[in-house]
Amino acid sequence: MRILGIDPGLARVGYGLIDINEKEQKMLDCGIIRTDSNQNEGKRMVEIASDLRKLIRLWKPKLAAVEKFFFYRSSSTISVVQARGVLIMTLTRFKVPIVEFPPMQIKLALTGSGRADKNEVLEAVMRELELSKPPRPDDAADALAIALTGWFQR
C-alpha cells in the first residue's frame with residue numbers, strides 16, 4: 001500500500017511517501033512544498049494545490065494521512081488552517097482516502113508515548129523505514145511519521 005503523509009503548513013508543507021507490502025516498509029520520497037513568502041496567501045494556496053497534484057499524479061497514493069491541527073494562539077494559525085483545507089480539498093478531488101491524526105496520536109503510534117520528543121519520533125521513523133540517516137528537513141521527517149501512523153492505524 002502506498003501512503004502519503006502530510007504535515008500541513010503555509011510556508012512549508014512536509015510530505016513523505018511510503019510503500020508497504022508483506023515483506024517491507026520503505027520510503028519512496030520525502031520533502032517539502034515551499035511557498036514564496038513574497039506572494040499573497042491566495043497564490044501560495046494555489047502553489048500548494050498545484051504541487052500536491054503533481055505528487056499525487058506521480059506516486060498515486062492509496063491513502064493520505066494528514067496531521068490534525070489544533071488551535072494555537074499564533075498569527076499564522078488561520079493561514080495554516082486554510083492551507084490544510086487546500087490539502088484536504090485536493091486529496092478529495094483525486095479521490096484519495098484521508099485519515100487524520102493529532103500529534104499525540106502520532107507520537108503514541110510510533111514510540112508508545114504520546115509525550116515523546118522529536119528525536120524519539122525521528123528514531124522510530126528511521127528504525128521502521130530502515131533509514132541510515134535522518135530524512136530532512138524536519139517537516140519531511142514529520143510527514144513520514146504521519147504516513148507510518150496511517151499504516152499502523154489502518
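The values are calculated or read from the model by the stated rules, or taken from the named source; none is laboratory data. This one's a predicted model, so the numbers in the text were calculated from it and none came from an experiment. We place every Cβ from the backbone using ideal geometry, glycine too, and count neighbours over all the protein chains shown.
At-a-glance table
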read-out: Candidate set: region 79-95, residues that are surrounded by 19 or more Cβ atoms within 10 Å (Cβ to Cβ) and under 18 Å from W59 (Cα atoms); chosen: the one nearest to the chain's Cα centre (by Cα); value: L87
read-out: Residue that is among the charged types (D, E, K, R), at pLDDT 95 or above and closer than 22 Å to E100 by Cα, where the choices are R44, R12; value: R12
read-out: Output for region 97-108, where each listed residue is more than 14 Å from A143 (Cβ to Cβ) and buried (at least 19 other Cβ atoms within 10 Å of the Cβ); value: K107
read-out: Checking T111 against (1) more than 20 Å from G150 (Cβ to Cβ); (2) of a type in the set (S, T, N, Q); (3) at pLDDT 95 or above, the condition it does not meet; value: (1)
read-out: Pick from region 8-53, criterion among the hydroxyl-bearing types (S, T, Y) and more than 30 Å from R127 (Cβ to Cβ), ranking: surrounded by the fewest Cβ atoms within 10 Å (Cβ to Cβ); value: S37
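Quick grid of which residues meet (1) among the aromatic types (F, W, Y); (2) part of a helix (DSSP H, G or I); (3) under 29 Å from E41 (Cα atoms):
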residue: I78; (1), (2), (3): no, yes, yes
residue: Q82; (1), (2), (3): no, yes, yes
residue: G85; (1), (2), (3): no, yes, yes
residue: T92; (1), (2), (3): no, yes, yes
residue: A109; (1), (2), (3): no, yes, no
residue: G114; (1), (2), (3): no, no, no
residue: E120; (1), (2), (3): no, yes, no
residue: A124; (1), (2), (3): no, yes, no
residue: K133; (1), (2), (3): no, no, no
